[in-house]
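Okay, so here's the structure we're looking at.
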Amino acid sequence: MFSYSDITQITTRFLHPETPLDMVVEEARHLTRTIFSQQKSDSPHSYWQMRLFAPIYVSNFCMNQCLYCGFRGPGTIRRSHLSVTEVLTEAEVLMNRGFRSLLIVAGESPRVTPEYLSEIIARLVQQNGVPSVEIAPQPVENYAKMVAAGCSGITLFQETYNRDLYQQYHPAGPKSDYDWRYGAIERAAEAGMPQLGFGFLLGLAADPREELIAMISQASDLMKRFPDRNLGFSLPRLHAAPNGFKPPFPVGDELFIRMYCTLRVIFPEANLVLSTREKSELRNQLASICITQMSAGSSTAPGGYTQRTEISDPQFEITDERSVTEVQNWLIRNGHHVIY
Ligand code: SAM
Ligand code: SF4
C-alpha cells in the first residue's frame, strides 16, 4: 500500500509530459501481463484475461440536473422505466450474445427502488448472470438488500473531487450533496459489496492530476478498512454532452493513457474498466496495455437491445460501434482470453 506522498509522486511522474510515454506504458503492460495472464489447459501460451460486460439501462428518468448529462431532469428526451420483465428480456438478448457480467444503470428516480433492483439482481443470478449496479448513492441497508440478492459490485463516479466545481455541475437534486455521494462506496463496502468501482468524469476539472490523486487516495483509504474487496476503476471521458454544454477541460489521448497506467502501477491487481465511449483504435491500444474489463456492443437507452429505442432516448451514442463478436475476435487475435 502506497503512502499519500508516494501516490502524489508516482502520479506526478507518470502524468508529466517529459516522462517518456513508452516507459510508462511498458511498466503498466508488464504488471498487467504478470498479474492477469493465465495458462489455458489446451495451450502452452499464457493469455491476458479480459472480461467483457454490457450495461443494461433500466430507467432514464432522473430528478438530478447534472449539466453534462442527457438524462438530466426535467429535459425533453423520451423516457422510459423498464419493468422487471422488460429488463429480463434485455438481459436475455445479451446472454444470447455470451454476456454474463451485466451492469444495471439507472437515473435517480423514486421508481428505482431497492426492491426493484434486488428483484432484477436475484432474477439475473438465477439465470447465471453476474449483475452489478451503477445507480444513485444508497444508504447501507439498501446496498445490503442488493448484496443479499447477489449483487457483485457497484460502480459510482464522483464526477469531480473539486467541491466548488461539483456544486456548479450539480446545481439541484439529491446529487448536489457531495458528501452523500463521496460516502456511497464506503456504505456499499459496509454492506458487503464485493467489487467497488471508482471513477470521475474527465473533462470537468482543470487539473486531472489532482483528481486522480484524490480518487486514488479515496480508494487506498477504503482498502485499509476493507482489504478483502476487489477494486475497479473507470476513467469516463465527457462525451456527447447535451446542447450548450462544452467540456471545459478536455483530456487528450496521451494523458488519458498515462492516467490508466498510473492506476495500474498503484493498484496492480485492480480491474481497469473501459467503456464504448472511446473509439475502437484507442480501446485496442489500451486493451494491450492495462485494461482488464471492457464493455462491448453497448446500448445506453432503456430497452435499447430489444429495439424499443423509439420510446426512449440514449444517454449518448456509443463511439466504438463494433459488435461483440468483432471486439471478441480482435481480443483473441491479440493474445487475450475473453471471459464474460
Ligand atoms: N445516475 C447515476 C449516477 O449519476 O451516478 C448512474 C447513471 S449515470 C448515467 C452514470 C455515469 O454517466 C455518471 O456517473 C457520469 O459520470 C456519466 N455521464 C453522464 N453524462 C456523461 C457524458 N455526457 N459523457 C460521459 N459520461 C457521462
Ligand atoms: Fe441523472 Fe446520473 Fe445523468 Fe446525473 S449523471 S442526470 S444523476 S443519470
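Condition first: among the basic types (Lys, Arg) and outside any loop (DSSP other than H, G, I, E, B). Now tell me which residues in segment 107-160 satisfy that.
Taking segment 107-160 first, the residues among the basic types (Lys, Arg) are 111, 123, 145.
Across segment 107-160, the qualifying residues are Arg123, Lys145.
Residue-by-condition table, conditions (1) at pLDDT 90 or above; (2) of a type in the set (Lys, Arg); (3) in contact with a helix residue (DSSP H, G or I) (Cβ under 7 Å, 6 or more places away or on another chain):
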position: Glu254; (1), (2), (3): yes, no, yes
position: Met259; (1), (2), (3): yes, no, yes
position: Leu274; (1), (2), (3): yes, no, yes
position: Lys279; (1), (2), (3): yes, yes, no
position: Gln285; (1), (2), (3): yes, no, no
position: Pro314; (1), (2), (3): no, no, yes
position: Ile318; (1), (2), (3): no, no, no
position: Glu321; (1), (2), (3): no, no, no
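Please work out if Ile56 is crowded, with 23+ Cβ neighbours inside 10 Å, within 23 Å of Glu159 (Cβ to Cβ) and within 16 Å of ligand 2 (Cβ to nearest atom).
Working: crowded, with 23+ Cβ neighbours inside 10 Å: yes; within 23 Å of Glu159 (Cβ to Cβ): yes; within 16 Å of ligand 2 (Cβ to nearest atom): yes.
Answer is yes for this residue.
Just wondering, is there one or more residues in segment 74-84 that are surrounded by fewer than 18 Cβ atoms within 10 Å (Cβ to Cβ) and under 21 Å from the mean Cα position of the chain (by Cα)?
Checked against the condition, which is being surrounded by fewer than 18 Cβ atoms within 10 Å (Cβ to Cβ) and under 21 Å from the mean Cα position of the chain (by Cα), segment 74-84 yields no hits at all.
Which condition from (1) in contact (Cβ under 8 Å) with a residue 60 or more places away in the chain; (2) assigned to a loop (DSSP other than H, G, I, E, B) is the one that Met223 breaks?
Among (1) in contact (Cβ under 8 Å) with a residue 60 or more places away in the chain; (2) assigned to a loop (DSSP other than H, G, I, E, B), the lone unmet condition for Met223 is (2).
Could you identify the single residue in Gly75, Gly98 that is farther than 18 Å from Arg181 by Cα, within 16 Å of ligand 2 (Cβ to nearest atom) and in a loop (DSSP other than H, G, I, E, B)? If you could, list the steps in order and put the result at the bottom.
Details: Gly98 fails: within 16 Å of ligand 2 (Cβ to nearest atom).
Result: Gly75 is the single residue among Gly75, Gly98 that is farther than 18 Å from Arg181 by Cα, within 16 Å of ligand 2 (Cβ to nearest atom) and in a loop (DSSP other than H, G, I, E, B).
Within the set of pairs 6+ apart or on separate chains, which have a first residue in segment 138-164 that is closer than 18 Å to Ala106 by Cα and of a type in the set (Phe, Trp, Tyr), a second that is within 13 Å of ligand 1 (Cβ to nearest atom) and not in a loop (DSSP other than H, G, I, E, B), and C-beta atoms under 8 Å apart?
These pairs meet every condition: Tyr143/Ile154; Tyr143/Ala188; Phe157/Phe198; Phe157/Gly199; Phe157/Ser234.
Given the structure, is Ala149 away from ligand 2 (no atom under 15 Å from the Cβ), touching a Gly at 6+ places or on another chain (Cβ under 8 Å), farther than 22 Å from Leu235 by Cβ and of a type outside the set (S, T, N, Q)? Steps first, please.
Numbers: away from ligand 2 (no atom under 15 Å from the Cβ): yes; touching a Gly at 6+ places or on another chain (Cβ under 8 Å): no; farther than 22 Å from Leu235 by Cβ: yes; of a type outside the set (S, T, N, Q): yes.
No: the conditions fail for Ala149.
Going by the structure shown, is Phe71 within 15 Å of Tyr305 (Cα to Cα), under 21 Å from the mean Cα position of the chain (by Cα) and touching a residue at least 24 places away in the same chain (Cβ under 8 Å)? So that I can check it myself, show each step before the final result.
On the way: within 15 Å of Tyr305 (Cα to Cα): no; under 21 Å from the mean Cα position of the chain (by Cα): yes; touching a residue at least 24 places away in the same chain (Cβ under 8 Å): yes.
So Phe71 fails the test.
Among (1) crowded, with 20+ Cβ neighbours inside 10 Å; (2) assigned to a loop (DSSP other than H, G, I, E, B), there is one condition Gly192 misses while meeting the rest; what is its number?
(1)
Looking at the structure I just gave you, is Val58 modelled with pLDDT of 95 or more, within 15 Å of ligand 1 (Cβ to nearest atom) and either of a type outside the set (A, V, I, L, M, F, W, C) or assigned to a strand (DSSP E or B) (or both)?
Values: modelled with pLDDT of 95 or more: yes; within 15 Å of ligand 1 (Cβ to nearest atom): yes; either of a type outside the set (A, V, I, L, M, F, W, C) or assigned to a strand (DSSP E or B) (or both): yes.
Yes.
Could you tell me whether segment 221-233 includes any residue that is modelled with pLDDT under 95 and touching a Pro at 6+ places or on another chain (Cβ under 7 Å)? Talk me through it step by step, then tell me what you get.
Restricting attention to segment 221-233, the residues satisfying the condition of being modelled with pLDDT under 95 are none.
No, the conditions are met nowhere in segment 221-233.
The values are calculated or read from the model by the stated rules, or taken from the named source; none is laboratory data. Predicted model only: the values in this text are computed from it and were never measured. So basically every Cβ, Gly included, is an ideal-geometry build from the backbone, and we count neighbours across all protein chains shown.
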